[in-house]
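Worksheet for the structure shown next.
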Amino acid sequence: MKGLIMTAPLTMGFQEIALREIHPNEVKVNVKACGICTWEQKAYTKTTYPFFGGHEICGIVEAIGSEVKTDIQVGDTVAVASLTRCGTCYYCRTNQDNLCLYGESKTVDGEAWGPAGFAEHVIARDYEVYRLDPQIDPALGSLAEPVACVLRSVEMGELDYGDTVVVQGAGIMGMLHIKLARLKGARVIVSEPDAGRRDKALAAGADHAVDPFQTDLKQFVEDLNGGIGAKAVFFTAGGPKAVEQALEILAMGGTLVLYGSLNPDTPIALSPNKVHYTEIRITGASKHTRKSFQEAANLLSQGHIDVSDLVSERVPFAQYDYAFERAVSPDTFRVVFLMEDETEEA
Ligand SMILES: [Zn+2]
Ligand SMILES: [Zn+2]
């Protein structure tokens, strides 16, 4: 089969990959769509090469191993999670399988490493395959993985109905936080310097969108809810100043969720006494759990979250150079490859 391999910065091409036989606990999926996520966008300029990217995968089940213990059937439309979980380490046993000590991204035969979804087929462990509604647009189905990661993040925020929350940044991850926090019944204020993105955030369901460089965010939040502050702040983008600001606008007992990372990693000012007296919490959110992935598959299949505004372009697999140029452009949310069918085995 054809796989898209990066061999150097800004350099990639199709290579013929010999797909091995599936093991008894594995599923073979014919890839229909695969999103170009931040991991692949970063690898576009810097990683260990050769790299075989693609971890936001939607496809059709083509073969099932003899010992697969899920109810997945040949022909099912599925999303594929790209990281394995050992199931037995401390974290897997304590509902934190996203932090699995032995999880790894699938490798394929040959020297290229990576999740290998930029391909005509993927082989996945049975528990990594999640059924989607058969009618779902595969490009939207490929968003199951980012939705699952953001569900984990919103879960860390421990929201109650009617809570006021702030989402910092209105890139695709900020947009998903808006939609999922709204589903949790929260009032959502977006902090985003770019006017175009603020408009998109409002269209996506944010209740308010402010420019943190023009508006006093703390005052804005407190004016809305009687001086209480934000029950949760979800940091998806910004620098160390934004993280410090997040701590200032939290309500007592509120939670800052560091969903995004800082590049470079930068220490911030933190008052231990403020944490002591106000019981604010600071946590992160990393990857997805099996639970959050199942929830993402459910929400997308049931149509309870609309992600169609987040697929900026659907690009035929063969136009990979164009697809990556568009994916790294700031004016796109997600660029998704659509794999062609004509090379399927006869
Ligand atoms: Zn991703
Ligand atoms: Zn584990």
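Before moving on, here are some points about what is shown:
- Test: residue in the range 28-49 that is part of a strand (DSSP E or B) and β-branched (Val, Ile, Thr): yes
- Glu244 being assigned to a helix (DSSP H, G or I), of a type in the set (D, E, K, R) and in contact with a Leu (Cβ under 7 Å, 6 or more places away or on another chain): no
- No other residue among Val257, Val311, Val315 is outside the structural domain of Ala201 (by TED's automatic domain parsing), at pLDDT 95 or above and either under 26 Å from Thr84 (Cα atoms) or within 15 Å of the chain's Cα centre (by Cα) (or both) apart from Val311.
- Residue in the range 271-284 that is at pLDDT 95 or above, on the phi > 0 side of the Ramachandran plot and among the charged types (D, E, K, R) present: yes
- Across the range 123-135, the qualifying residues are those that are at pLDDT below 95 and within 16 Å of ligand 1 (Cβ to nearest atom), and the one among them that is farthest from Thr7 (Cα to Cα) is Glu128.
- Selection within the range 153-171 - surrounded by 24 or more Cβ atoms within 10 Å (Cβ to Cβ) and in a helix (DSSP H, G or I): Ser153, Val154
- Of all residues making up the range 136-168, the number that are under 24 Å from Phe337 (Cα atoms) and either under 15 Å from the mean Cα position of the chain (by Cα) or modelled with pLDDT under 95 (or both): 13
- Taken together, the residues in the range 60-83 that are surrounded by 14 or more Cβ atoms within 10 Å (Cβ to Cβ) and more than 16 Å from ligand 1 (Cβ to nearest atom) amount to 12.
- Considering only residues in the range 85-122 that are more than 16 Å from ligand 1 (Cβ to nearest atom) and polar (S, T, N, Q), the one that is farthest from Phe317 (Cα to Cα) turns out to be Thr94.
The values are calculated or read from the model by the stated rules, or taken from the named source; none is laboratory data. Predicted, not measured: the structure shown is a model, and the values here were computed from it. Backbone-built Cβ (ideal geometry, glycine too); neighbour counts: all protein chains shown.
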